[in-house]
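For reference, the structure is listed below as structure tokens.
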């Protein structure tokens, strides 16, 4: 059983879509890095729809399949820069609130400006909202690629 929340509450969903678009429009965080942190949050939350969507988005922004496969094991992979590692650490702290959020933030402060950090934390909060909506409402994972194609076509 799935609940098509997009159909049931289109105005609320549109507000979340606009917030997501505003994050990208800020251009404070590289599009590829945004896709990596969105993918990691989706993995942690078990959101197949969002994982599919952000793999497609990351590939569209030039990410390699090799690096995408390594996102789940980023701590033990040499494929990520220190900036990316800080963003992934913050992603985990923001997604799993049982982690040391203050320590992750302090690490991220070394690699991001206050403005960039503000956008990143906001982006992580929004992606976690999307993840939770899609997981609870059992959105089909395969629809994520369709959503990614629609985003590319709209931009």
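For region 134-146, how many residues meet the condition of being in a helix (DSSP H, G or I), in contact with a helix residue (DSSP H, G or I) (Cβ under 7 Å, 6 or more places away or on another chain) and surrounded by fewer than 19 Cβ atoms within 10 Å (Cβ to Cβ)? First the steps, then the outcome.
The initial filter retains those residues of region 134-146 that are in a helix (DSSP H, G or I), namely 134-136, 143-146.
Checking the rest, the ones that are also in contact with a helix residue (DSSP H, G or I) (Cβ under 7 Å, 6 or more places away or on another chain) come to 134-135, 143-145.
Imposing the further condition that a residue be surrounded by fewer than 19 Cβ atoms within 10 Å (Cβ to Cβ) reduces the set to 135, 143, 145.
Adding up the residues that qualify gives 3.
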> Does region 71-92 include one or more residues that are touching a residue at least 60 places away in the same chain (Cβ under 8 Å) and under 12 Å from the mean Cα position of the chain (by Cα)?
Replying inline: no
> So how many residues does region 99-117 have that are without any contact (Cβ under 8 Å) to a residue 40 or more places away in the chain, in a helix (DSSP H, G or I) and loosely packed, with under 15 Cβ neighbours inside 10 Å?
Replying inline: 5
> Which one is surrounded by the fewest Cβ atoms within 10 Å (Cβ to Cβ) among residues in region 1-43 that are within 18 Å of residue 69 (Cβ to Cβ) and touching a residue at least 60 places away in the same chain (Cβ under 8 Å)?
Replying inline: 37
> Of (1) touching a residue at least 24 places away in the same chain (Cβ under 8 Å); (2) in contact with a helix residue (DSSP H, G or I) (Cβ under 7 Å, 6 or more places away or on another chain); (3) farther than 25 Å from residue 138 by Cβ, residue 52 satisfies all except one. Which?
Replying inline: (3)
> Would a scan of region 50-69 turn up a residue that is surrounded by 12 or more Cβ atoms within 10 Å (Cβ to Cβ), within 12 Å of the chain's Cα centre (by Cα) and more than 20 Å from residue 153 (Cβ to Cβ)?
Replying inline: yes
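Could you pull out the residue among 63, 89 that is in contact with a helix residue (DSSP H, G or I) (Cβ under 8 Å, 6 or more places away or on another chain), under 14 Å from residue 30 (Cβ atoms) and modelled with pLDDT of 95 or more?
Answer to the selection: 63.
The values are calculated or read from the model by the stated rules, or taken from the named source; none is laboratory data. The model shown is predicted, which means the values in this text are computed figures rather than measured ones. Cβ sites come from the backbone with ideal geometry, for glycine too, and all protein chains shown count toward neighbours.
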